[in-house]
Amino acid sequence: MNTVVTPVQEVTPRIKISWRLKRAMRRLRSPEGLLSLFVILVLVYFVVLPLIFILYESLSVTVDDLRQIPGAAVGDLTLRHWTRTFTSWTRFYRPLLNTFIVGGGATLAITVMGLALSWIVALTDIRFKKIIGVLCVLPYLMPSWAFAMAWIEVFQHRGVGRSTGFLAYYTGILVPEWFVFGPLPIVIVSTLHYFPFLYLMVKASLENIDSQLEESAELLGASRFLILKKITMPIVAPAILSAAVLAFSRVLGTFATPALLGTPARFTVLSTQIYSMTRFGRMSEAFSVALALIAFSAIVITVNNKLIGTRKSFATIGGKGTKQNLFRFGKARTGVGVALVAVLSVLIIAPLMLLAYSSLMRNVGDWTLSNVSLHWWIGAGDPALAEGESGILVNPAVWRGAWNTIRVAVVAGILCGFFGLLIGYAVVRLRGTKVANIIDSIGFIPIVIPSIAFGAVYLSLYAIPRPFLPMLYGTFLLLVFAAFAKRVPYTTRTGVSAMHQIGVELEEAAMLMGAGLLLRFRRIIYPLARPGVIAGVLLVITTTVRELSLFILLMTPGNRVLTVQSLTYSEIGARQLSNALMTFIIVLCLVLAGSLKALESRNKRKGIS
């Protein structure tokens with residue numbers, strides 16, 4: 001039977017499409033629509049476009065390829081770089097295997113250490129919990145490779161081609177080379193730096209478990225093992241998995257620790273391979289490895305999100321107050337607390353103190369008090385020492401690095417705070433729309449990209465002039481753009497959180513009085529969101545000051561930051577200068593972190609969440 005289509009039926013879909021198009025154009029012309037369009041353009045420019053460029057560069061014919069590809073022209077597409085990289089054991093698969101060895105080993109150790117400490121602090125009556133909590137958070141407030149430098153100072157000796165370290169000097173014990181350099185020390189040092197991720201997330205989850213759940217299970221005859229298996233672990237499993245995945249992705253992209261502890265043993269991971277290829281001018285192959293590193297990190301985080309998103313949810317916070325049934329150590333609670341503080345102090349505080357002490361040694365290898373000197377802090381340059389470099393506090397290169405570091409951190413922090421609020425406004429006010437989903441998705445991309453790969457991305461974009469893009473390599477702006485693009489997800493989260501707390505009724509009332517978008521931002525939105533914005537800015541500043549992996553590929557002698565300057569001193573053999581500068585960076589990071597904590601405490605006292 002033939003179906004007769006009436007004119008009305010033919011016109012109706014056209015009317016619907018026209019109506020939707022008009023509604024979309026009306027939204028786009030509104031202040032909120034124009035703001036959203038601006039946000040999307042900035043995110044595409046700073047996040048999506050660099051990824052497209054690095055993909056193009058890895059598939060493009062270079063000048064060096066012309067001899068190997070007859071008849072080709074520069075810029076033609078080729079798979080030569082991918083073939084050379086992804087079919088080579090030395091270029092890719094051995095570094096990949098090494099990366100997963102240290103990443104997997106560190107993640108396992110981080111999980112065990114973080115889970116044990118979070119359980120002790122959250123669910124036991126141990127003494128000195130505040131001190132233990134501070135010690136557990138302290139490592140992440142410092143550069144990741146501070147512990148690597150301390151590790152070398154403690155365990156090095158002449159048998160591994162280095163000066164005498166602290167352990168060999170005072171005990172005569174010469175540890176094997178594989179304990180000084182190689183995968184084992186990388187795993188240990190990475191664990192010490194990244195276990196706070198899991199500790200903080202799991203501790204928060206454990207503190208929200210109402211002990212009445214466990215007590216009810218006990219009344220029904222469940223054993224402690226069954227309660228742990230059926231109640232406690234399913235509740236905290238998402239936090240454990242998320243923190244472990246986050247730590248794994250961070251270990252994948254870290255550069256300085258494998259460079260210091262792996263390079264002397266010829267142990268190469270993907271991050272150091274990218275750096276090595278870049279230094280030798282093999283840019284397209286470096287970009288290929290960077291793309292692989294980005295892909296691995298994206299896969300790991302996506303799988304984690306899928307697992308967490310599809311699991312059953314467990315509501316553990318109800319209308320009644322939550323109480324904890326703490327595990328009691330009895331009379332041993334003080335002794336256990338003292339022992340744990342002592343162990344954490346040996347693992348965290350003692351190495352950093354030795355690092356600071358080594359910066360006071362005029363001559364390497366002599367750990368006696370008679371060798372203590374302030375030369376590496378305030379001494380004038382001596383041609384016989386460290387290529388004539390003067391102490392860090394009177395060294396013009398250090399102060400230039402400090403000025404660059406502060407400038408980059410502050411400018412990037414302000415940009416991230418401002419733009420994070422704009423993203424939060426667009427996502428919350430347009431929530432449920434495709435535009436909001438696009439903004440939120442693009443804004444999350446930098447989290448997936450490891451820092452060393454992100455630096456390679458920006459190197460590919462700005463190393464040479466591009467159409468409509470000037471060459472920014474070696475400039476201050478390049479560091480700011482890279483730091484802004486990498487850190488903007490931090491302030492995006494604070495911006496979205498702040499906007500969720502600001503009722504739309506306030507804006508609607510202002511709109512009825514004729515207030516435009518700019519006036520509403522200035523008089524309503526920013527004043528109410530200011531605590532979250534400032535907290536996000538300080539977080540960006542703190543993390544940027546101790547950043548190395550992001551900047552290492554973008555550095556030139558004229559735009560070095562403090563972390564790169566410290567690594568440079570280490571590479572030329574001026575370890576006391578490097579250690580002194582690292583001590584200075586640690587103090588600066590702790591001051592900034594203390595300022596952030598003080599700000600948060602003040603906001604809580606004022607009742608601002």
**Message:** Being crowded, with 16+ Cβ neighbours inside 10 Å and either at pLDDT below 80 or within 25 Å of I449 (Cα to Cα) (or both): is that true of T83 here?
**Reply:** no
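Residue by residue, here is whether (1) crowded, with 22+ Cβ neighbours inside 10 Å; (2) assigned to a helix (DSSP H, G or I); (3) at positive phi holds:
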| site | (1), (2), (3) |
| --- | --- |
| I101 | no, yes, no |
| V112 | no, yes, no |
| S118 | yes, yes, no |
| P143 | yes, no, no |
| F147 | yes, yes, no |
| W151 | yes, yes, no |
**Request:** Test A510 against the criterion of being over 19 Å from the mean Cα position of the chain (by Cα) and either of a type in the set (G, A, S) or in the same structural domain as L479 (by TED's automatic domain parsing) (or both), and give yes or no.
**Result:** yes
**Prompt:** Among the residues of region 254-268, is any part of a helix (DSSP H, G or I), among the polar types (S, T, N, Q) and at pLDDT below 75?
**Reply:** no
**Request:** Please determine, by comparing only the residues of region 345-372 that are over 31 Å from the mean Cα position of the chain (by Cα) and part of a helix (DSSP H, G or I), which one is surrounded by the most Cβ atoms within 10 Å (Cβ to Cβ).
**Result:** N371
**Message:** Checking I378 against (1) in contact with an Asp or Glu (Cβ under 8 Å, 6 or more places away or on another chain); (2) more than 30 Å from L123 (Cα to Cα): exactly one of these is not met. Which one?
**Reply:** (1)
**Message:** For region 71-101, which positions are touching a residue at least 12 places away in the same chain (Cβ under 8 Å) and of a type in the set (A, V, I, L, M)?
**Reply:** A73, V74, L77, L79, L96, I101
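Quickly run through region 502-529 and pick out the residues that are among the small types (G, A, S) and either at negative phi or touching a Cys at 6+ places or on another chain (Cβ under 9 Å) (or both).
Filtering region 502-529 down to residues among the small types (G, A, S) leaves 503, 509-510, 514-516, 529.
Of everything in region 502-529, those that are among the small types (G, A, S) and either at negative phi or touching a Cys at 6+ places or on another chain (Cβ under 9 Å) (or both) turn out to be G503, A509, A510, A515, G516, A529.
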**Asked** Is there a residue in region 563-572 that is of a type in the set (F, W, Y) and under 27 Å from A380 (Cα atoms)?
**Response** yes
**Message:** For region 197-204, check the following and say yes or no: at least one residue is at pLDDT below 85, within 26 Å of the chain's Cα centre (by Cα), closer than 30 Å to P95 by Cα and part of a helix (DSSP H, G or I).
**Reply:** yes
**Asked** Given the conditions (1) in contact (Cβ under 8 Å) with a residue 24 or more places away in the chain; (2) surrounded by fewer than 21 Cβ atoms within 10 Å (Cβ to Cβ), and given that V587 satisfies all but one, which numbered condition is not satisfied?
**Response** (1)
**Asked** Residues in region 170-179: is at least one crowded, with 23+ Cβ neighbours inside 10 Å and without any contact (Cβ under 8 Å) to a residue 60 or more places away in the chain?
**Response** no
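The values are calculated or read from the model by the stated rules, or taken from the named source; none is laboratory data. What you are looking at is a predicted structure, and each value in this text was computed from that prediction instead of being measured. Counting neighbours? That spans all protein chains shown, and the Cβs are built from the backbone with ideal geometry, glycine included.
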